[in-house]
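Everything on this sheet refers to the single structure shown next.
Since every read-out is calculated from the coordinates, none of them should be taken as a lab result. On a predicted model such as this, the values are computed, not experimentally measured, just so you know. All Cβ positions, glycine included, derive from the backbone under ideal geometry; neighbour counts span all protein chains shown.
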Amino acid sequence: MPILILIVMAIGFAVVNTVATHLLGPGRGGQAKESTYESGMNPFGSARRRFNVRFYILAMTFLVFDVEIIFLYPWAVTYTKMDPGSAEAMLYLGRILFFIGTSVIAYIYAWRKGVFRWD
């Protein structure tokens, strides 16, 4: 029930903000509002230009390591509350060492593949 209430509140918040923006916000349009904006510069060339795939691979690598850092926080909170010599603490330690080890192997693999080179 609490999760359902939270979902309803989130959907309601999104709907109320969207409707309020359309009702209360300015509705003026025009050529200047409809034009493309690129950091204060007039756009030139086509927007359909190809990018090197390295940009996407680097972004995905960053996201993977960023998500892994997020997973370390709950583990650290749980691990510090365990008895130091217990079997459960050793199991938790083994799991996180495996997790970090596979992350290091993935980082070395990406490095050897040249994902982090910009030339």
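Some values worked out for this structure:
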quantity: Residue tally, condition of a type in the set (Phe, Trp, Tyr) and touching a residue at least 12 places away in the same chain (Cβ under 8 Å), over the stretch 76-119; calculated: 6
quantity: Evaluation of residue 87 against (1) surrounded by 11 or more Cβ atoms within 10 Å (Cβ to Cβ); (2) over 25 Å from residue 51 (Cα atoms) (one fails), failing number; calculated: (1)
quantity: Failed criterion for residue 72 (all others in (1) surrounded by 10 or more Cβ atoms within 10 Å (Cβ to Cβ); (2) part of a loop (DSSP other than H, G, I, E, B) hold); calculated: (2)
quantity: Cβ-Cβ under 8 Å pairs, at least 6 apart or on other chains, the stretch 13-24 side free of Cβ contacts under 8 Å to residues at least 40 places away in the same chain, far side of a type outside the set (Gly, Ala, Ser); calculated: none
quantity: Residue match in the stretch 12-19 (condition: under 23 Å from the mean Cα position of the chain (by Cα) and surrounded by 10 or more Cβ atoms within 10 Å (Cβ to Cβ)); calculated: yes
quantity: Matching residues in the stretch 90-119 - criterion: being closer than 30 Å to residue 53 by Cβ, assigned to a helix (DSSP H, G or I) and of a type in the set (D, E, K, R); calculated: 112, 113
quantity: Condition check for residue 59: in a helix (DSSP H, G or I), of a type outside the set (Lys, Arg) and more than 27 Å from the chain's Cα centre (by Cα); calculated: no
